[in-house]
Amino acid sequence: MASGARSSLHSFLALLVLLPLVVLSAAAAVSYETKSMDPGLVVMALPEPVSGPESLAFDGRGGGPYSGVSDGRVLRWDGGLRGWTVYAYNSKHKSVALCGPDKKLVVPESVCGRPLGLQFHRRSGELYVADAYLGLLRVPARGGLAEVVAAEAGGEPFNFLNGLDVDQRTGDVYFTDSSTTYQRSDYLLVVALGDETGRLLRYNRRARRVEVLRAGLSYPNGVAVGGDGEHVVVAHTALCELRRHWVRGPRAGASETFVELPGYPDNVRADGRGGYWVALSKGAGVAAGAGAAPTVAVRVSPEGNVTEALEGFSFVSVSEVAERGGALWVGSVDTPYAGELRRRRPSV
């Protein structure tokens with residue numbers, strides 16, 4: 001398909017995607033507090049020309065955040081003076097000339113890889129990365145070259161790896177393959193055409209193999225390990241909901257709707273209180289009219305209720321919100337920066 005035709009198709013599909021959201025947002029009764037995230041937001045600009053800090057992770061010592069960016073590398077935030085430094089890279093950066101670190105070109109992400117979800121296994125110090133094109137990657141504790149630990153499951157190659165979390169008790173890695181039909185570059189088709197070929201996967205760290213926990217899913221995206229270790233919460237983007245998938249114990253294999261959301265969910269992170277922060281790629285603000293700040297994230301309680309929402313103009317679209325150290329750390333696949341929103345003043 002010609003690039004112009006593809007662009008027109010994507011614009012048309014984007015409109016189709018937004019129409020049901022307007023109905024959803026107008027009908028939803030908002031019974032939670034909405035706060036603006038722009039006051040107090042500290043912006044952490046990425047080095048040019050990279051962009052898109054889609055997911056954020058912190059190491060076992062609290063360092064970071066770390067984030068994958070548009071040229072396929074993983075960067076680490078080293079504070080305001082040093083900014084972002086290179087922490088990890090994949091084999092393409094050594095074998096493909098266009099992906100070399102000295103190149104300042106904007107290269108198609110399918111060439112150099114696109115790291116999306118990532119999380120540390122704190123005990124070993126290893127960082128696991130879901131690369132949309134290259135597969136499940138593992139970075140050694142001191143950073144450097146990321147190795148591919150899995151590229152298929154159940155005899156079917158990965159096609160669109162997306163969300164990822166690590167069970168810190170077992171070291172198992174839970175991740176999603178959003179579609180076995182469409183790649184990340186055609187993510188709009190996954191939503192607009194009702195694709196249901198996504199998979200929930202688990203990498204058994206001890207056995208070094210991948211299991212398909214559930215197949216035939218509607219756009220599984222972000223994933224977070226539940227506090228009991230028996231279930232994971234998965235964002236199903238096209239359904240505008242979080243689902244709870246039971247992965248261990250007597251209910252293993254069962255799933256249920258956990259909460260319906262006022263927008264399309266992206267990544268999910270535990271909030272440290274038994275609940276979750278859920279990023280919304282498009283939120284309730286879409287239906288509020290011109291000039292309204294979009295809802296970019298919500299907090300969900302352990303009982304499955306939306307208890308708080310964030311809105312803002314700095315991030316029209318948010319991919320992840322992570323709570324750590326009295327602050328919210330914000331990533332977006334669409335911006336050349338990440339952000340820190342301080343929730344309270346530090347004690348003196």
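The values are calculated or read from the model by the stated rules, or taken from the named source; none is laboratory data. Quick caveat: nothing in here was measured; it's all calculated off a predicted structure. Methodologically, a virtual Cβ is constructed for each residue, glycine included, from the backbone with ideal geometry; neighbour enumeration extends over all protein chains shown.
In summary, GLU109 fulfils each of the numbered conditions (1) closer than 29 Å to ALA309 by Cα; (2) within 19 Å of the chain's Cα centre (by Cα); (3) in contact (Cβ under 8 Å) with a residue 60 or more places away in the chain with the single exception of condition (1). For GLY135, the criteria (1) surrounded by 15 or more Cβ atoms within 10 Å (Cβ to Cβ); (2) touching a Lys or Arg at 6+ places or on another chain (Cβ under 9 Å); (3) not hydroxyl-bearing (Ser, Thr, Tyr) hold in every case but one, which is (2). Residues of segment 235-257 that are over 16 Å from THR180 (Cβ atoms) and either under 19 Å from the mean Cα position of the chain (by Cα) or hydroxyl-bearing (Ser, Thr, Tyr) (or both): ALA235, LEU239, CYS240, GLU241, LEU242, ARG243, ARG244, HIS245, SER255, THR257.
Those residues that are buried (at least 16 other Cβ atoms within 10 Å of the Cβ) and either assigned to a loop (DSSP other than H, G, I, E, B) or hydrophobic (A, V, I, L, M, F, W, C) (or both), I need them from segment 329-342; list them, please.
Pass one, segment 329-342, residues buried (at least 16 other Cβ atoms within 10 Å of the Cβ): 329-333, 335-341.
The answer is TRP329, VAL330, SER332, VAL333, THR335, PRO336, ALA338, LEU341.
I'd like to know if segment 213-220 contains one or more residues that are surrounded by 23 or more Cβ atoms within 10 Å (Cβ to Cβ) and under 15 Å from the mean Cα position of the chain (by Cα).
Applying the first criterion (surrounded by 23 or more Cβ atoms within 10 Å (Cβ to Cβ)) to segment 213-220 yields 217, 219-220.
Those left that are additionally under 15 Å from the mean Cα position of the chain (by Cα): 219-220.
Yes - at least one qualifying residue is present in segment 213-220.
Take GLY52 and decide whether it is in a loop (DSSP other than H, G, I, E, B) and crowded, with 22+ Cβ neighbours inside 10 Å. The answer is yes for GLY52. The set of residues in segment 180-212 that are under 20 Å from the mean Cα position of the chain (by Cα), assigned to a loop (DSSP other than H, G, I, E, B) and either within 19 Å of ARG244 (Cα to Cα) or basic (Lys, Arg) (or both) comprises GLU196, THR197. Before we move on, is GLY194 touching a residue at least 60 places away in the same chain (Cβ under 8 Å) and either under 24 Å from SER281 (Cβ atoms) or of a type in the set (Phe, Trp, Tyr) (or both)? The answer is no for GLY194. Pick out the one residue from THR180, THR176, THR170 that is surrounded by 15 or more Cβ atoms within 10 Å (Cβ to Cβ), touching a Ser or Thr at 6+ places or on another chain (Cβ under 7 Å) and among the polar types (S, T, N, Q). Going through THR180, THR176, THR170 in turn, just one is surrounded by 15 or more Cβ atoms within 10 Å (Cβ to Cβ), touching a Ser or Thr at 6+ places or on another chain (Cβ under 7 Å) and among the polar types (S, T, N, Q): THR180. One residue stands out in segment 64-121 among those that are under 29 Å from PRO265 (Cβ atoms) and exposed (fewer than 15 other Cβ atoms within 10 Å of the Cβ): the one that is modelled with the lowest pLDDT, namely VAL106. In this structure, does GLU230 turn out to be at pLDDT 95 or above, under 24 Å from GLY272 (Cβ atoms) and surrounded by fewer than 21 Cβ atoms within 10 Å (Cβ to Cβ)? Considered against the rule, which asks whether it is at pLDDT 95 or above, under 24 Å from GLY272 (Cβ atoms) and surrounded by fewer than 21 Cβ atoms within 10 Å (Cβ to Cβ), GLU230 comes out as yes.
The number of residues in segment 71-93 that are in contact with a Pro (Cβ under 9 Å, 6 or more places away or on another chain) and either outside any loop (DSSP other than H, G, I, E, B) or of a type in the set (Ser, Thr, Tyr) (or both) comes to 9.
Only one of ARG142, ARG138 is within 19 Å of the chain's Cα centre (by Cα), at negative phi and without any contact (Cβ under 8 Å) to a residue 24 or more places away in the chain. Can you tell me which? Reasoning before the result, please.
Working: ARG142 fails: within 19 Å of the chain's Cα centre (by Cα).
That would be ARG138, the only listed residue that is within 19 Å of the chain's Cα centre (by Cα), at negative phi and without any contact (Cβ under 8 Å) to a residue 24 or more places away in the chain.
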